[in-house]
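**Student:** Please read through the structure below; I'll follow up with questions.
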Amino acid sequence: MAQSEKTVLYSALEVAKLCGVVNQTAINWIKNKHLKAFNTPGGQFRVYPEDLLAFMKSRNIQIPQEVYSACDGAEYTPKGLLIVDDDRGLNSVIAKYMLKEFESLSVYQAFDGFEAGSLMAEKLPGIVILDLNLPGIDGFDLCKRINNNERFGKPAVIVITALESENLEEKVSEMGVRCFMKKPLDLTRISEVVKNIIEK
């Protein structure tokens with residue numbers, strides 16, 4: 001049996017989690033008519049995915065893929081790609097390659113953990129290429145923060161590293177990393193992974 005349109009509805013709490021805010025903020029958005037919603041017979045707010053999508057776009061909030069998936073005909077397009085690597089030469093090579101392969105994708109560069117955090121908060125990229133061996137910060141810690149902070153919209157993380165450890169790939173996989181790659185890098189493979197993330 002085909003699923004009918006608009007069967008997915010979000011509560012105020014779910015809206016808050018998806019937008020990276022507290023529950024009361026989502027309720028205020030609804031009460032102040034910034035976000036379209038309706039009341040259930042029990043007095044609870046419910047929001048259609050299409051209305052949440054429009055609201056998140058208007059507020060420049062990173063939109064998780066699940067919201068796009070819940071909307072009929074909406075296409076998921078990550079807002080941008082962030083490359084985090086202190087090797088400026090390699091960082092720039094990856095950036096140029098990604099810009100050539102994905103002309104519509106905004107590409108940002110960070111060379112340390114501080115820059116990465118600032119750009120994550122400001123640009124809300126949908127994809128992050130992250131080197132684990134960064135100066136002044138634990139790459140594993142940064143990876144956890146990116147994945148656990150709802151404000152960042154749970155971007156797809158691609159880990160790149162020259163570190164040698166027997167359980168390294170298993171460790172990052174447990175953090176929710178989308179892909180793990182060892183240096184030296186195969187730019188074609190990175191491109192394929194990014195393309196797959198965008199298409200899915």
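The values are calculated or read from the model by the stated rules, or taken from the named source; none is laboratory data. A quick note: this is a predicted structure, and the numbers were derived from the prediction, not measured. Heavy atoms of the whole protein, side chains included, go into the accessibility calculation; ligands, DNA and RNA do not. Shrake-Rupley method; radii C 1.70, N 1.55, O 1.52, S 1.80 Å.
**Student:** For the chain, take the longest principal axis of its alpha carbons; what is the angle in degrees between that and the long axis of helix 113-123, to the nearest 10 within 0 to 90?
**Tutor:** Helix 113-123 and the main axis of the chain meet at about 30 degrees.
**Student:** Give the angle, between 0 and 90 degrees and rounded to the nearest 10, that separates the Cα long axis of helix 187-199 from the longest principal axis of the Cα atoms of the chain.
**Tutor:** Taking the Cα atoms of the chain, the angle to 187-199 is about 0 degrees.
**Student:** Please calculate how many Å² of accessible area the chain carries per residue, with a 1.4 Å probe and no DNA, RNA or ligand atoms counted. Don't jump to the answer; show the numbers that get you there.
**Tutor:** Working: 10930 Å² over 200 residues.
Each residue of the chain exposes 55 Å² on average to a 1.4 Å probe.
**Student:** May I ask which of K36/K200; K57/K154; K100/K200 have a Cα-Cα span longer than 23 Å here? Write down the numbers at each step before the final one.
**Tutor:** Working: K36/K200 28 Å; K57/K154 16 Å; K100/K200 21 Å.
K36/K200, as the Cα separations exceed 23 Å there.
**Student:** Something else now. Given springs between every Cα pair under 10 Å in a Gaussian network model of the chain, which of G80, G89, G113 has the largest fluctuation?
**Tutor:** In the Gaussian network model the winner is G89.
**Student:** Something else: Could you work out how far helix 49-58 tilts from the main Cα principal axis of the chain, as a 0 to 90 degree angle to the nearest 10?
**Tutor:** On a 0 to 90 degree scale, this one is about 60.
**Student:** Then there is this: Using modelled backbone amide H atoms (1.01 Å from N, in-plane), which distant-in-sequence or interchain residues come within less than 5 Å of Q109's amide H?
**Tutor:** So Q109 has HN proximity to I83.
**Student:** Can you give the calculated 222 nm mean residue ellipticity of the chain, where each DSSP H run of n ≥ 4 adds -39,500 (n - 2.57) and the sum is split over every residue, rounded to the nearest 500 deg cm²/dmol? Intermediate results must be reported in sequence, preceding the final value.
**Tutor:** Working: 9 runs with 87 residues, N = 200.
Result for the chain: -12500 deg cm²/dmol, rounded to the nearest 500.
**Student:** Something else: For the stretch 130-144 and the stretch 10-59, what is the separation of their Cα centres, given in Å?
**Tutor:** 34 Å
**Student:** May I have the extent of the alpha carbons of the stretch 15-99 along their three principal axes, as whole Å values ordered from largest to smallest?
**Tutor:** Each principal axis gives a Cα extent; for the stretch 15-99 these are 59, 28, 17 Å.
**Student:** How much of the accessible area of the chain, in percent, comes from carbon and sulfur atoms when a 1.4 Å probe is used?
**Tutor:** Values: 5110 of 10930 Å².
Result for the chain: 47 percent of the exposed heavy-atom area is carbon or sulfur.
**Student:** A further question on this structure: Would you mind giving the average projected area, over all directions, of the Cα convex hull of the chain in nm² with one decimal? The partial results should precede the final answer.
**Tutor:** Details: hull surface 53.1 nm².
About 13.3 nm², averaged over all directions.
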